[in-house]
Amino acid sequence: MAEYANIIIDISHEKLDRPFQYRVPEGLKNRLYPGIQVLVPFGNGNRTIRGYVIELTDEAEFDKDRLKEITAIDMEGVPVEAQLISLAAWIKENYGGTMNQALKTVLPVHQKTRQKEKKSVTLAVSRDKAQEQLAAFQKKHNTARVRLLEALLDTPKVPYEAVTGKLNVTPAVIRAMEELGLVTVEKEQFWRNPVSALNSSAAAGESPDFTLNSEQQQIVDTISADFGEEHYGTYLIHGVTGSGKTAVYIELIARAVAEGRQAIVLIPEIALTYQTVMRFYKRFGDRVSVLHSRMSQGERYDQFLRAKNGGLDVMIGPRSALFTPFSNLGYIIIDEEHESSYKSETVPRYHAREAAIERARMVGASVVLGSATPSLESYYKAKQGEYRLLNLRTRIEEKPLPTSEIIDLREELKQGNRSILSGRLQELMEDRLKKGQQMMLFLNRRGVSGFVSCRACGHVFRCPHCDVSLSQHNNGRMVCHYCGYQEPAPKICPQCGSKYVSGFKAGTQKIEQVVKERFPEARVLRMDFDTTRNKEGYEKILAAFANGEADILIGTQMIVKGHDFPNVTLVGILAADLSLHISDYRGPERTFQLLTQAAGRAGRGQERGRVVIQTYSPDHYSILLAARQDYEAFYEQEISYRRLMKYPPVWHMMVMLVASGKQELTEQCARLLWEKLQQAQEKGKIQGLSMIGPADPPIAKVNDIYRKVIYFKHENYAALARVKDVLEQFIKRHREFDGVTIQFDFNPMNGF
Ligand code: ADP
Ligand code: ZN
Ligand code: ZN
């Protein structure tokens, strides 16, 4: 029964910064919630204007007696903003940060962009009349007027800029001609349309040139039947790449659109290709639009406005497209739902999948998740009945999956081969070069992976408490990023006595060099962070490879997504261990996903593909099962490990970052927060919480800011959210920690 409400008055960006507080009148208590529209008195004249409740509170932030009262609930107007504000409130509650940060995430109208108007000049009189006038102007040597009339007699509609530009007719002359009734200046509002710019000649409304197969049809029928009965839910489609998921999405959306509903399709940015967009465009024409990170604020704003004004049915884009202001949303599709790019890495650190499910729940819409390697989170929920699991078991055209073989790099070392290319891989590469086929070499480096291992026996140094790999630091020690456990870096392997104990250093550049030395005749392309600084670099390299301008493409995980290269018959994974031993419990899951995706690149054409997986851990289940493409078995193994170690999705995890410009202050604050919670536990105020740390995150100091992390685990997400509230309030109340900021990340993907 909150006494006060914080209200934003206008959703144009500037005023978001400052909510205004109002008193809640008796009659409205119990009836307000974040997102609801109200009428309030505002300004000196107490004009009545519309506002949105963003927060309810019992604490007056100003002098109580001077606060004005809310006039009434406003039943009219724009409910989609209200929905999005409620969603912002949910995001703040579940991921931390301020309401303001949450609002700026869901209402991405960051600036009032001037609406672009397209103006053109047309003839307002008949051609005969115009000819007559033309003669008159020629007589009077009114050359500017002559130029304009001549142009209009030639082309009945000339763009305004062309008149003032090329024809060199001043606005004053145009105005004068307009006043004489000879010409009209037409203004048309024009929406920058990123899709039609791609290919305006494509026929819209085109049906696919195939009918869905029975598996696809069954999935469409199942989801549509629920939808028809307003039985909205979350569905997980598990189907290998090329099994026809996109075709299913398009069919579902088409049916919803026919009923006046709209759809949001989320795709990872890197998979947001021309081909994908064109498939939607062919079906939905101008009623589909895209958002991507290279668009300007103004362009994004235009697309949101088109959606809000009913000009669109489908929006495709990465994470932020989730907040498209559709007022009658039917579906949210999340393709490649396991991708870590769906998790925001800035405050609020929301997960688009969870936020999508919440948005759908609020408005009555269904969510469809799709992946060849579902996240453990989603599969777990599907198994528990929270999501409905649907399978696409066969590939379209029944192209066989590639065969994989695992190469034990320890054996290579024993036989004296210290190259990053195993004997077997070299043999296959040579064969492909001879046959004129293409191949990809893939280094699955991801984030900071400073693990230390023995190259003779494969032993990896792990934290005895957390079972994640220890990371080597410059000071020669190995550290656990979860709990802070340390030990000195060893000189010899404790398991086999070998002296080949070290971190793994090879990068793509080094590999390129090795390949060029071994196969001087081969044409090699390299794709990594350095060669793709700009987007063109990325597309150029892929296009060159697709055109057969190179035999070998070497790259990081960038090369494994979304592209079809029918002539690739060999994929080499150089060191599967790189993603396996990241200092994060998700290592095996990431490895399984990356290996499966990489394998999917081989054998897209007629010939069956072959995959070579090189590793020092050939017995690890994620590698064995990825080679066999057995997702189900992998899931069972991995979930039992998570259960044992109390990791998500079985338990929930929250990491808190404590940061400040002073090392001592940071440490002191982290310790105090830890103790505070420890006491709360002892007093029984909080139960079942497990705390780990404080420890140094992988990057303990950035730009002279010192950082510490504490990990929390609990069976219950809501309990962690409450711990977050306690910690936020504690920091607010303690003046001595003024220079300290804390941030939270729930079920982190990449962590701090
Ligand atoms: P996914 O999204 O699972 O990778 P797609 O929907 O992209 O699969 O389908 C892969 C390819 O097969 C596409 O070129 C698509 O046009 C084609 N396709 C999909 N469904 C069928 C079908 N029922 N019959 C024939 N071709 C199909
Ligand atoms: Zn060893
Ligand atoms: Zn540890």
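The values are calculated or read from the model by the stated rules, or taken from the named source; none is laboratory data. Not measured: the values here are computed from a predicted model. Positions of Cβ are generated from backbone atoms using ideal geometry, with glycine treated the same way; all protein chains shown enter the neighbour counts. Protein only, heavy atoms only, side chains kept; ligands, DNA and RNA dropped before computing areas. Shrake-Rupley method; radii C 1.70, N 1.55, O 1.52, S 1.80 Å.
Within the range 670-694, the set of residues being small (Gly, Ala, Ser) and loosely packed, with under 13 Cβ neighbours inside 10 Å comprises GLY684, GLY688.
Yes/no per residue for (1) surrounded by fewer than 20 Cβ atoms within 10 Å (Cβ to Cβ); (2) touching a Phe, Trp or Tyr at 6+ places or on another chain (Cβ under 8 Å):
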site	(1), (2)
ASP696	yes, no
ASP704	yes, no
ILE710	no, yes
ILE731	yes, yes
ASP738	yes, no
ASP745	no, yes
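Residue check: ILE420 meets all listed conditions (1) under 22 Å from SER498 (Cα atoms); (2) away from ligand 2 (no atom under 16 Å from the Cβ); (3) of a type outside the set (Gly, Ala, Ser); (4) open to solvent by less than 10 Å² (accessible area, probe 1.4 Å) but one, namely (4). Scanning the range 305-331 for residues that are under 19 Å from THR273 (Cβ atoms) and open to solvent by less than 10 Å² (accessible area, probe 1.4 Å) returns VAL314, MET315, ILE316, GLY317, ALA321. When the range 457-474 is limited to residues that are small (Gly, Ala, Ser) and within 16 Å of ligand 2 (Cβ to nearest atom), the one that is nearest to PRO588 (Cα to Cα) turns out to be SER469.
Taking each residue of the range 268-291 that is closer than 26 Å to ARG601 by Cβ and looking for partners that are part of a helix (DSSP H, G or I) with beta-carbon atoms closer than 6 Å, six or more apart or interchain, yields PRO268/SER341; VAL290/VAL277. Which ones in the range 475-503 are within 14 Å of ligand 2 (Cβ to nearest atom) and surrounded by 19 or more Cβ atoms within 10 Å (Cβ to Cβ)? Within the range 475-503, CYS493, VAL501 qualify.
Here is a check on your reading of the model: is ALA256 more than 16 Å from ALA360 (Cβ to Cβ) and in contact with a helix residue (DSSP H, G or I) (Cβ under 8 Å, 6 or more places away or on another chain)? It is false that ALA256 is more than 16 Å from ALA360 (Cβ to Cβ) and in contact with a helix residue (DSSP H, G or I) (Cβ under 8 Å, 6 or more places away or on another chain).
Of all the listed residues (LEU305, LEU312), the sole one being farther than 27 Å from SER371 by Cβ and at pLDDT 85 or above is LEU305. The numbered conditions (1) buried (at least 16 other Cβ atoms within 10 Å of the Cβ); (2) within 16 Å of ligand 1 (Cβ to nearest atom); (3) within 26 Å of the chain's Cα centre (by Cα) are all true for TYR387 except (2). When the residues of the range 43-58 are filtered to those that are more than 16 Å from GLN83 (Cα to Cα) and at pLDDT 85 or above, which remaining residue is surrounded by the most Cβ atoms within 10 Å (Cβ to Cβ)? Residue satisfying both the conditions and the ranking: LEU56. Can you find even one residue in the range 561-578 that is farther than 19 Å from GLN426 by Cα, of a type in the set (A, V, I, L, M), modelled with pLDDT of 80 or more and touching a Ser or Thr at 6+ places or on another chain (Cβ under 6 Å)? Within the range 561-578, one or more residues are farther than 19 Å from GLN426 by Cα, of a type in the set (A, V, I, L, M), modelled with pLDDT of 80 or more and touching a Ser or Thr at 6+ places or on another chain (Cβ under 6 Å). Counting only strands (runs of 3 or more DSSP E) that fall entirely inside the range 216-304 and contain at least 2 residues that are open to solvent by 10 Å² or more (accessible area, probe 1.4 Å), the qualifying elements are 234-239. With a requirement of 1 or more residues that are free of Cβ contacts under 8 Å to residues at least 12 places away in the same chain and farther than 30 Å from PRO648 by Cβ, the helices (runs of 4 or more DSSP H) lying completely within the range 356-460 that satisfy it span 409-414, 423-435. Restricting the search to helices (runs of 4 or more DSSP H) fully inside the range 503-599 and requiring at least 1 residues that are farther than 28 Å from PRO374 by Cβ gives 508-518, 535-546.
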